[in-house]
Structure formats: structure tokens, C-alpha cells
Amino acid sequence: MPAKISSSIRQRAKRVKVFLCDVDGVLTDGSIFIGGEREFKRFNIRDGLGLVLARRAGLKVGWVSARPSLATKLRADELKIDFLVQQGDATSKTAAIENLLAQEKLTWEETCFVGDDIIDLGPLKRAGFAVAVGDGVAEAKATAHFVTKNFGGRGAVREAVELVLRAQGKWDQFLKKYSE
């Protein structure tokens with residue numbers, strides 16, 4: 001972990017048991033390609049591997065999006081994401097996450113949430129470890145405990161996952177495994 005990560009950030013990252021994030025603008029660069037009957041999104045392969053490694057390290061992983069999308073569901077299924085919430089405007093992201101945390105018997109303190117826009121402010125304010133992507137809006141970055149160097153859809157989620165796993169002492173097992 002880079003030396004410039006404060007002890008406060010390390011402590012927050014150590015407590016994480018569930019890693020949640022927004023989708024559009026966080027796992028993607030925010031672009032949506034719509035044509036004919038299909039919608040297309042571009043996901044970053046390193047972000048995907050990061051989420052797989054988080055799961056393998058024992059974290060629960062979930063996506064919380066206000067915008068229902070088949071493309072999002074397909075990618076979540078491929079990565080075996082534990083929780084996919086695509087609530088539309090039916091409920092706030094905060095309420096959706098509170099329901100999920102209650103169901104899993106987890107707390108906000110044990111939650112990492114990665115967001116990029118004002119729609120993510122509620123979860124960012126409550127999460128024990130709040131992360132904003134490098135190209136997020138000013139309000140999201142001001143609310144977050146940590147802002148990634150990488151942009152949404154460009155490795156920001158991987159950066160956050162790696163920080164959490166390093167803080168928890170779980171990153172080196174993957175380095176060893178994949179170095180053999």
C-alpha cells in the first residue's frame with residue numbers, strides 16, 4: 001500500500017466486510033451506447049478481476065444502481081456479484097443499502113461504498129469507508145474518505161479493492177498465487 005495512505009484510511013479499510021459500488025460512472029466511464037433493441041456498456045477488466053479477488057478474500061460484493069440495465073445484470077452475473085440492486089426511483093440508494101445490510105446482518109461501519117455523483121451522497125455519508133472515483137463530481141469527492149487516482153470505468157474500483165485488501169493483509173496471497 002502506498003505510504004501516503006493515512007492510518008485513518010487504513011483503519012477504515014480494515015473494517016470492510018462488504019464492498020458496494022454504483023455502476024454507471026464507477027464501473028463504467030458513464031457512457032451508454034443504445035441502438036436498436038440493445039444497450040451496451042464498457043466495463044474495465046481490471047475492475048472485474050478486483051471484484052472477483054475481493055469475493056475470494058471473503059468480502060461480500062454488491063452493486064447498487066438507480067438505473068436498471070440488462071447490460072449491468074449480465075456483467076454482474078458473469079462476475080458472480082453477491083448483490084445487484086437496480087431499484088430505479090422506487091427507493092433511495094441509502095434505503096436499498098440499509099435493507100441489504102439488515103438482511104446480511106452488517107453495518108454501515110463495515111461497508112465500503114464507491115460512488116461518483118450526487119445520487120451517491122447518502123451512501124457516501126454513511127459508509128465506514130467512502131470512496132469517490134477520480135473524475136467524480138466535487139460533492140462526491142468532498143464527502144468521500146478517499147478519492148481514487150483512476151477514473152470511473154478506468155480502474156477506480158480495482159484501486160479501491162486493492163487498498164482494502166492490502167489494509168486487511170489479504171493482497172499478498174494473490175501476488176503469491178499468481179506469481180507461481
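The values are calculated or read from the model by the stated rules, or taken from the named source; none is laboratory data. Everything quoted here is computed from the prediction, not taken from an experiment. When we count neighbours, we look across all protein chains shown, and the Cβ atoms used for this are built from the backbone with ideal geometry, even at glycine. Note: accessible area is taken over every heavy atom of the protein model, side chains too, but ligands, DNA and RNA are not part of it. Shrake-Rupley method; radii C 1.70, N 1.55, O 1.52, S 1.80 Å.
General observations
- Selected residue (criterion: farthest from ILE81 (Cα to Cα)) from residues of the range 151-180 that are among the basic types (Lys, Arg) and either modelled with pLDDT under 95 or open to solvent by 60 Å² or more (accessible area, probe 1.4 Å) (or both): LYS176
- Number of the condition not met by PRO123 [criteria: (1) crowded, with 22+ Cβ neighbours inside 10 Å; (2) closer than 18 Å to ILE5 by Cα; (3) in contact (Cβ under 8 Å) with a residue 40 or more places away in the chain]: (2)
- Failed condition for GLY155, given (1) among the small types (Gly, Ala, Ser); (2) on the phi < 0 side of the Ramachandran plot; (3) out of contact with any strand residue (DSSP E or B) (no Cβ under 9 Å at 6 or more places or on another chain): (2)
- Some residue of the range 92-115 being farther than 30 Å from TYR178 by Cα and either in a strand (DSSP E or B) or under 12 Å from the mean Cα position of the chain (by Cα) (or both): no
- Candidates are the residues of the range 70-93 that are of a type in the set (S, T, N, Q) and crowded, with 18+ Cβ neighbours inside 10 Å; the one that is farthest from GLU162 (Cα to Cα) is GLN86.
- Scope the range 47-68; condition of a type in the set (Gly, Ala, Ser) and either in contact with a Leu (Cβ under 6 Å, 6 or more places away or on another chain) or in a loop (DSSP other than H, G, I, E, B) (or both); matching residues: GLY48, ALA57, GLY58, GLY62, ALA66
- With respect to the conditions (1) open to solvent by less than 60 Å² (accessible area, probe 1.4 Å); (2) free of Cβ contacts under 8 Å to residues at least 40 places away in the same chain; (3) of a type outside the set (Val, Ile, Thr); (4) under 17 Å from GLN11 (Cβ atoms), GLU110 falls short on a single one, namely (2).
- Filter pass, VAL131 being open to solvent by less than 20 Å² (accessible area, probe 1.4 Å) and modelled with pLDDT of 95 or more: yes
- Residue satisfying condition, being more than 17 Å from PHE19 (Cβ to Cβ) and polar (S, T, N, Q), within set THR111, THR91, THR107: THR91
- Filtered by the rule that a residue be out of contact with any Phe, Trp or Tyr (no Cβ under 9 Å at 6 or more places or on another chain) and among the small types (Gly, Ala, Ser), the range 7-24 gives SER7, SER8.
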